[in-house]
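Since the structure comes first, as structure tokens, the remarks are kept for the end.
Taken together, the values in this text are just the output of simple stated rules run on the coordinates, not laboratory data. These numbers come from a predicted model, not from an experiment. Note: ideal-geometry Cβ built from the backbone for every residue, glycine included; neighbour counts use all protein chains shown.
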Amino acid sequence: MTSPLILSLTTLLYAALHSWLASLGVKDWAHQHFGSGAARWYRLAYNLFAVISGLPILVLLALLPDQPLYQIPFPWLILTGLGQLAGILLIVMGILQTDPWHFMGLRQILEPQGDSVSPLVISGLYRWVRHPLYTGGLLFIWLTPTLTVNLLTVFIWLSIYLIVGAKLEEQRLLHEYGESYRAYRQRVPMLIPNPWRAK
């Protein structure tokens, strides 16, 4: 079995499991079987599982045979580095804007009403794109200055996963916010900013 095939299967398994655990159906099942405590601990457990279950991909990238595709030379390396920094800033600013404690799953545990629906954020970065964290993630991976066959394989599947994940997340947001999110979705792009549409 070739390295790209092994990485494809591993990344697809990670993406499928991650998306399934984030679905409303699984969350409702956990709430029905484990009570309100499940809702309070679910986000933190989900985040920890997401990090731990992603480690095998990193291990395979380090161990499997690989072939280089390109390496961006200086001074273009500075531009890709700045682009990756912009991606990181998008992710950090997006998390800070939407309550980092809730994002990590700690507010749900520490506060009695921490698992309630938080207000819909449509200002700041969210005025320009609906999913700035995913935009930042895509910027970061595709501006990697050194690309190999194995990295390309993982990046392709991760990009597909992020796009599909954004669409699945929007179903949850529609369920939570209804017409407010539907109107927001009609005027703000999903991943690529469009200054002429921003209001």
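Worth a mention:
- Packing-based ranking, highest mean first, of 12-21, 26-35 given that Cβ atoms within 10 Å are counted: 12-21, 26-35
- Segment ILE6..THR80, full-extension length gain: 23.8 nm, with 0.36 nm per residue of separation and the alpha-carbon distance subtracted.
- Theoretical gain in end-to-end length, GLU111 to ALA183 [0.36 nm per residue, Cα-Cα removed]: 22.9 nm
- From largest to smallest, the equivalent ellipsoid semi-axes obtained for the chain from the alpha-carbon gyration tensor read 31, 24, 15 Å.
- Placing a label point 7 Å from the Cα of HIS18 along the Cα-to-Cβ direction, the residues of segment 155-177 with a backbone N closer than 19 Å are 155-173.
- By the equivalent-ellipsoid construction on the alpha carbon gyration tensor, segment 80-193 comes out with semi-axes of 27, 17, 14 Å, ordered largest to smallest.
- Note on MET190 and ALA62: the extension gain reaches 42.8 nm, defined as 0.36 nm multiplied by sequence separation minus the Cα-Cα distance.
- Take every Cα pair under 8 Å whose residues are at least 6 apart in sequence, average their separation, divide by the length of the chain, and the relative contact order is 30 percent.
- Helix-only mean residue ellipticity at 222 nm for the chain, each DSSP H run of n ≥ 4 adding -39500 (n - 2.57), per residue, nearest 500: -23000 deg cm²/dmol
- Dipole of the chain, positive end: most advanced residue of THR135, GLN84, LEU69 [Cβ charges, Cα centre]: THR135
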